[in-house]
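All of the numbers you see were taken from the coordinates with simple rules; none came from a lab. Keep in mind that what you see is a predicted model, and the values were worked out from it rather than measured. Here the Cβ is made from the backbone with ideal geometry for all residues, glycine too, and neighbour counts use every protein chain on show.
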């Protein structure tokens, strides 16, 4: 079992999607505690990945390949996790606000979060405020990630936060925002919980937010 | 006797794609349009496509037969002339004529008092305009920053255009919020020419429009394209793919995809009203795979832009390229290295408009000092472009013989005439060490800063006629009223 957990970590590092998924299934079939697979296999492997990324030994394409392997394993594992541990790998809903069709930053952030074990539900681009509010009601995510590239669409993020308040669900979800013209000050101004200048800081902040 | 049948290469020659490679890229772009297609989020555009040989499926996915693309691409004029508001400054976009200018819409500006970055204001755009108006090596003006101290983000473009017109008399490239915004900008600029038809003969600006890579065209971009086609407004449809993220990581693949995006705009405007002046563009660069920024300082940006320029000449379209920009957060060594490198290659490639001069922090921050620094670099670049003249007077045989072995050239008439053809630096220091110390050991950064101070203090652009100015303001106010909540 320990050997297989080690192999999971190695598989994540080399981004072997199939191997990591198969090993996770095998361990589950062997009756291994899902919590142990998560901690000693998956999280252990992804910790090495993020360290290597910080040390400039791995670059975005390799990290995303590892994240994909992580996501594959999580699909197998998530239904077996207890409520307590699955909240450690919570749900994130992401969307680009109305009037904006740019999504590469949002997608990148989503993929990196999947790599950290989050279940990411991406609503796509040009999403109406009311649709975003409904998605929060429906999916009950711990985190809502909003994105806008343009100064002309940026105010829509504030509009979403106000709509969450009006719907009485603002306190049920943490809101994170991002995009080139966005700043910490702007996040504060519109009452967002966090701003992330890039996908990896976004992932770090998401992890902090669900701990808080 | 003059020699006959000679080829004289007076200026440097630089290209990165062969004729055969260009054919390959163009052919591949046609395949993308026919096979993959592009999405259009605009009903009239879809209707225009449906009523043509194009095929619309899956709500808004448009695929176009190459016969239609080939028809459309031939209808754009080969050249565009632009003149500034006062008529004093003009530029030509024809083959191998290179003009330099700023970029547009940077959300932040470095405050000259505090050094901190803050949101760009009307005054910042006006000041950038004045600097641009003054600097002799910069030929056209994009707003540099995006005006954010206006009542409504949906009318920022009218305020911005007014700030630009007040500050600068050079030709412009303008961004707009949507079709309605573009119409207002076009009305504002038309006022300087008297009427619509006169304006069309003597336009002041090119409208800047972007697809969203890969292969997406949003509502506002399409509105602007259709309005430009209707009114014959010179227009650039300039993809901003990041290689490896929103386009293939291979530069050829990125160029193919960008070209397909541009050709789609050609077809759409052709269906609306053939003959719109179209500029090919593209800020074609890489996504930095450590930081995930869209890099403005990468060598790949210059290489891919030069390749795009080769394609544009082959197609007979003017080209909008990029240079003088940096990923650096301050005006430091990195900024100078990256700015100089991209300016050289954009110039040598022969692109008609080299924009984004003065862009800092990967297209996020504006600095007025960066414009002043780049003016100096462009002076050097343009000097290289003059090449070597080998006519009799320049071979100087008579002179060499006259001076003879062991003589000097300093006092000859020939020197007095020809040294003036050299580049004379304005800000770079070439003094000896002792003189440099005696004069206060100023660095390039010091000199750039005091020159920027001086220009801002002294340079006033030619004013706009008072009545005309009122009419311009009226258009801006009307827009604000229409959009007031």
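As a length-normalised measure over Cα pairs under 8 Å and 6 or more apart, the relative contact order of region B:19-73 settles at 36 percent. Counting other Cβ atoms within 10 Å as a rough exposure proxy, the listed residues A:48, A:97 run A:48, A:97 from fewest neighbours to most. Approximating the spin labels as points 7 Å out from Cα along Cα→Cβ, the residue B:484-to-residue B:394 distance works out to 6.3 nm. Note: relative contact order over chain B, using C-alpha pairs below 8 Å and six or more positions apart, is 19 percent. Between residue B:59 and residue B:114, take the C-beta separation as r, use R0 = 60 Å, and let me know the FRET efficiency to the nearest 0.05. Given R0 = 60 Å and the Cβ-Cβ separation, E is 0.75. When B:314, B:186 are sorted by how many other C-beta atoms sit within 10 angstrom of their C-beta, beginning with the fewest, the order is B:314, B:186. The mean number of Cβ atoms from other chains found within 10 Å of a Cβ in peptide B:119-129 is 1, as a whole number.
The Cα center of region B:355-412 and the Cα center of region B:183-244 differ in position by 35 Å. Modelled label positions at residue B:11 and residue B:94, each set 7 Å beyond Cα in the direction of Cβ, lie 1.3 nm from each other.
When each of B:188, A:123 is scored by the number of other beta-carbon atoms lying within 10 Å, the sequence from fewest to most is A:123, B:188. When DSSP beta bridges are restricted to pairs lying wholly in region B:11-110, around 100% turn out antiparallel. Full extension of the chain between residue B:300 and residue B:250 yields a length gain of 17.0 nm, computed as 0.36 nm times the residue separation minus the alpha carbon distance. For peptide A:98-105, the mean count of partner chain Cβ atoms within 10 Å of a residue's Cβ comes to 5. In terms of its C-alpha gyration tensor, region B:80-385 has a rounded overall shape, because the principal axis ratio a/c (a ≥ b ≥ c, square roots of the eigenvalues) stays below 1.5. By definition, a body whose alpha carbon gyration tensor gives a ≥ b ≥ c is oblate when a/c is 1.5 or more and a/b is not larger than b/c, and region B:33-153 fits this oblate description. When the Gaussian network model of chain A links Cα atoms closer than 10 Å, the mean-square fluctuations of A:121, A:143, A:60 top out at A:60. Here the sum of -39500 (n - 2.57) over DSSP H runs of 4 or more residues, divided by the residues of the protein assembly as shown, equals -15000 deg cm²/dmol at 222 nm, to the nearest 500. Each Cα pair under 8 Å and six or more residues apart adds its separation to the average, and for region B:358-434 the resulting relative contact order is 28 percent. For residue B:468 and residue A:2, a Förster radius of 60 Å and the Cβ-Cβ distance give a FRET efficiency of 0.15, rounded to the nearest 0.05.
Spacing of the modelled spin labels on residue B:450 and residue B:413, each 7 Å from Cα toward Cβ, amounts to 4.0 nm. For peptide A:150-158, the mean count of partner chain Cβ atoms within 10 Å of a residue's Cβ comes to 4.
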